[in-house]
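Bear in mind these aren't lab numbers, they're just calculated from the coordinates by the rules spelled out. Owing to the predicted nature of the structure, the values given are computational and were not obtained by experimental measurement. Please note: Cβ atoms are built from the backbone with ideal geometry, for glycine as well, and neighbour counts cover all protein chains shown.
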Amino acid sequence: MRARFGGLLFLALAATLPLWLRDPYFVAILTSTGIFIIAAISLNLLLGFTGQLSLGHAAFFGIGAYTSALLSLGFDVDIGLPSPVVVDPKPVWIAFFGAVVVSGLFGWLIGKLAFRVRGAYFVIVTISFAEVMRMVALNWVDLTEGPMALNNIPPLSVLWPGHGLTALVTKSQQYWLVLAVGVVCYFLVARMVRSRLGRALIALRENEPLARSVGVRVTHYLVVATVVSAAIAGAAGALYAHCVRIVDPDVFLFIYTVTMVIMVVTGGKGTLAGPVVGGLIFGLMPQALRGTAPPEVQWIIYGIGIILIVFFLPRGIVPAFADLARLRMPALRKPASLVR
Amino acid sequence: MTEVGENGAARNVALDVRDLAVHIGGLVALGGISFQVPFGAIVSLIGPNGAGKTTAFNVITGFMKATDGQVFFRGRDLARLSPERIAALGMVRTFQRTSLFTACTVFENVLTALHLRGRTGLLGALLRLPAMQREEAALHAEAREILDFVGLAGRADEIAGNLAYGEQRLLGLAIALAAKPTLLLLDEPAAGLNPSETESFKQLIRRVRERGATVLLVEHDMQMVMSISDQVLVLNQGRMIAAGSPAEVQRDPEVIRAYLGSGKRAAA
Amino acid sequence: MEQILQHGLNGVVLGGTYALLGIGLTLIFGIMRVVNFTHGELYAFGAYLAYLFVALLHLDFFLSIALAALAGFALGALIELVLLRPLRSNDIDTVMLVMIGAWIALQNGEQFVWGGVAKLVPSPFAQEPLVIGPVSVAPLRLFVLGATLVLLVGFYWLIDRTRLGMAMRATFQDRDTAALMGIDVRGIYTLTFALGSALAAIAGALLGPIFLVNPTMGNLVGLKAFAIVILGGLGNITGATIGGFVLALVEEFGAGYLSSEYRDAFGFLVIIAVLALRPQGFFARKARVG
């Protein structure tokens, strides 16, 4: 009950934020933090709830960004067929939807591979996958413009009562768009984990042989988790493409995957609030540290921060606080449950 | 009277194992064993340590691949089927070393194990259809019923990892029962239990059989084995050396030799 | 024909250092089961130290390389003692995350200290390539090849012929039995990590003068090391050696005949292909997956 109240309060605060935070610069920061939080929520589904060590999540993010950008800009590319493949610019929401589908498709591929390739090997495969994507984006200039980036990506627009079709270009509008998508994704994941499906995923994470002995189909659920996770990350990427409106191969950088992993793990993997908390901390911390230390030092602090959290708060911040709350308030003493 | 189906499997028995062999890196873990478990029977698999009992379990339930031989469950060939598929067909096993979802509560453990009793998938979860909600309620009720059956109802909200050893073994049984087995394979269910706990477990196994399941168990506790089994199978060094009623097996000189060793060479 | 020989020679020269990298990582990843993200950073560390000793402190070139190796050894030991030993019992993701943290801290530390501009390590060798029949090779590369071969032989001698090597092999095979036999298992783990790190550092110090030294050089190299380990089979030293040469040759010939831009991608494609088709690697005698 308290958690629910806290959540609604947080939501109310977040929804009204651009009204009382006047500086568009900060709103923009929160928007990009929000995009990262969505990506972290998707990674948490795979890493936190299903226990798969996926370290290539930037790949799905980037695929979503590029797919949406390319579909909305239109492209023509020569792939050795008699005439080049020409795709006309599509309506932006179609492009967005396409991005989600294409990312989900790649998620399906990785999911299929995940069963054959376990544990530490899977880590390496996912990292390699993201790197290969980055190199393709960098070198297939015909399609992606390489390092020159895809520019002038059209913004998303919505039918707003009284205003007709509005393009979402101001910082506040983009903030609300990201917030809306974020809330939807949060609840999608929440519904997933609080169900028979969620129990199956957690069972695979906690004790795979036991899960299999009671009939949980490993491959099927790994694929479901990866597809949904990739699709949501693709949505985050598409949001990025239509808010920032420039996409270059750097979206595939390992450092972005690492950022998402840090957010999930420090926030609390396997909890719903974890990626949000971790996302806020690591999305806003660079801003707080800006000017006081050069970027390298910030990253050194992050690196040491991860190590410290792993040593002292191994389950992450949210579970640690939940434990603390339970200790202080015996009335709340309901033991840790599958999903916080 | 064994009926034989088209695939050569015996049809009126729950489990039909033929010439099952497992070679691991040159070592013969199982050297071609054959046996049958009739419906509704309680059959025990015994033998000294290293005889191949758990290997047999692993192979029969699909966790390990056999080098040779066949396993038929209710007349159906289990070759190349995954453990989860075999569980869905109705054969469920427990594990020798207690295997639980340790971070979850007792109730959640059983609820999770009721996986095969539900059908809601991704779409149902996302849309929260009334059918899903009804199913959840039914699963919750079933979980409570199973916990009542094994006697853990009072511990439903406790984290599984915090349970006493005996309670954890009971939970392991509850998890297996949740999967609604036709054939239940128990791997050393009484290991580490004190006499009164062992006696309770015995009663539970009998009640499981009364409810219609067939039971195959691996055990070291001879008192338990002899008192509840309809049939006893004895393995030694990967081979079946005796099969029969408890009384027959107890008198078998091969069995005695296997357990006590001949003269100075006692079983390890 | 000369083209093939030239590519082959380049591949062999590069392969030697790749082999060192691969062996170092297969010891750590294969045997200690640590997903060692710092391996690439130790490589960069070795390269930067070579730069420090040779270009800034004007020490003897060969001495510098030896010193870089020693420093790599020390840093590896430090990492193991401070970060890994306390986590010994933990699951693989925890260890992995700690290594990620260490990797971030190390790489940015290097960037902070040295800046982002690439550095050049001067070498005492002539620039003029030697021409041997149809192929030409820079003296520096010839030295690197010689050095790596010596190191490889030395390493095999250590593992096969010394008591220390025997203790290591015993621990790798069966940790508990080794402990019962009186082997200091925790010490062996520290030594293994330090040794693996030293090999990475030497590889960096040797390649530093050939390629430029920059803070991100460790990233690609680290991943290639994983490719080599997977190709050769986890924990398989011979496999890692062969894998190192194979990857280098694939890169050389691939860059020469297929596409030079995707040169670095070959390593990753190798990883994905091997894991999809033959997860235990090509040289493992028995499957050791996962």
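With N as its number of residues, segment C:68-165 has a Cα radius of gyration that, divided by 2.2 N^0.38 Å, comes to 1.56.
For segment C:127-228, the extents of the C-alpha atoms along the principal axes are 57, 32, 19 Å, listed from largest to smallest. Remark: mean inter-chain Cβ contacts per residue of C:217-229 equal 2, using a 10 Å Cβ-Cβ cutoff to other protein chain atoms.
With no solvent and one point per C-alpha, what does the Debye sum give as log10 I(q)/I(0) for segment C:193-269 at q = 0.14, 0.22, 0.23, 0.24 Å⁻¹? Relative scattering, expressed as log10 I(q)/I(0), comes to -0.49, -1.17, -1.25, -1.31. Its alpha carbons give segment A:193-289 an Rg and a Dmax of 16.4, 50 Å. Each principal axis of the Cα atoms in chain B has its own extent, and those three values, largest first, are 66, 46, 38 angstrom.
A simple count of charges around B:GLU142, restricted to other residues whose Cβ falls under 13 Å of its Cβ and scoring Lys, Arg +1 and Asp, Glu -1, yields +1. Candidates A:GLY80, A:VAL251, A:GLY107 compared by Cα position along the dipole of segment A:25-253: farthest toward the positive end lies A:GLY107, with charges placed on Cβ.
Placing unit charges on the Cβ atoms only, positive for Lys and Arg and negative for Asp and Glu, gives the protein assembly as shown a dipole magnitude near 2040 debye about its Cα centre.
Across segment B:157-201, Cα-Cα pairs more than 13 Å apart make up 58 percent of the total.
Loop-resident trypsin sites (Lys or Arg not before Pro) (DSSP state other than H, G, I, E or B) in segment B:16-76 with no more than 12 further Cβ atoms inside 10 Å of their Cβ: B:LYS65. Using Stokes-Einstein with the Kirkwood hydrodynamic radius over Cα pairs, what translational diffusion coefficient do you get for segment C:2-277 at 4 °C and a viscosity of 1.567 mPa s, in µm²/s rounded to a whole number? Once the numbers are plugged in, D ends up at 68 µm²/s. Along its first, second and third principal axes, ordered by size, segment A:1-79 spans 56, 38, 17 Å in Cα coordinates. Measuring nothing but how far apart in sequence close Cα pairs (under 8 Å, 6+ apart) lie, relative to its length, segment A:25-253 scores a relative contact order of 42 percent.
Can you give the helix-only mean residue ellipticity at 222 nm for the protein assembly as shown, where every DSSP H stretch with n ≥ 4 adds -39500 (n - 2.57) and the sum goes over all residues, rounded to the nearest 500 deg cm²/dmol? Dividing the helical sum by the residues of the protein assembly as shown leaves -19000 deg cm²/dmol.
In units of the rule-of-thumb radius 2.2 N^0.38 Å, segment B:138-261 shows an alpha carbon radius of gyration of 1.19. Averaged over the residues of peptide A:110-122, the number of Cβ atoms from other protein chains lying within 10 Å of each residue's Cβ is 4. Taking amide hydrogens as placed 1.01 Å from N in the peptide plane, the amide H of B:ALA51 sits under 5 Å from those of B:GLN237, each at least 5 positions away in sequence or on another chain. About the centre of its Cα atoms, segment B:101-251 shows a dipole size close to 440 debye [charges on the beta carbon of Lys, Arg (+1) and Asp, Glu (-1) only; nearest 20 debye]. Summary of packing: across the peptides B:188-201, A:19-32, A:273-286, the per-residue average of other C-beta atoms within 10 Å ranks them, highest first, as A:273-286, B:188-201, A:19-32. Measuring between alpha carbons in the structure, the pairs from A:LYS269/B:LYS180; A:LYS112/B:LYS180; A:LYS171/A:LYS269; B:LYS53/B:LYS180 lying more than 25 angstrom apart are A:LYS269/B:LYS180; A:LYS112/B:LYS180; A:LYS171/A:LYS269. Show log10 I(q)/I(0) for segment A:77-195 at q = 0.15, 0.20 Å⁻¹, two decimals, from a solvent-free Debye sum over equal Cα scatterers. Per q value, in the given order, log10 I(q)/I(0) is -1.09, -1.32. Considering all different alpha carbon pairs of segment C:1-157, the Kirkwood hydrodynamic radius works out to 17.7 Å.
The alpha-carbon of B:LYS65 sits under 20 angstrom from the alpha-carbons of these aspartates and glutamates, leaving out residues fewer than 8 places away in its chain: A:GLU208, B:ASP16, B:ASP19, B:ASP77, B:GLU84, B:ASP187. Taking the DSSP beta bridges with both ends in the protein assembly as shown, the antiparallel portion is around 70 percent. Of the trypsin sites (Lys or Arg not before Pro) found in segment A:278-330, those in coil by DSSP whose Cβ has at most 16 other Cβ atoms within 10 Å are A:ARG290. The orientation-averaged shadow of the Cα convex hull for segment A:25-253, equal to a quarter of the hull surface, comes to 14.0 nm². Remark on segment B:23-99: hydrodynamic radius 13.6 angstrom, per the Kirkwood mean of 1/r across alpha carbon pairs. For the protein assembly as shown, pairs of C-alpha atoms spaced more than 47 angstrom apart make up 34 percent of the total.
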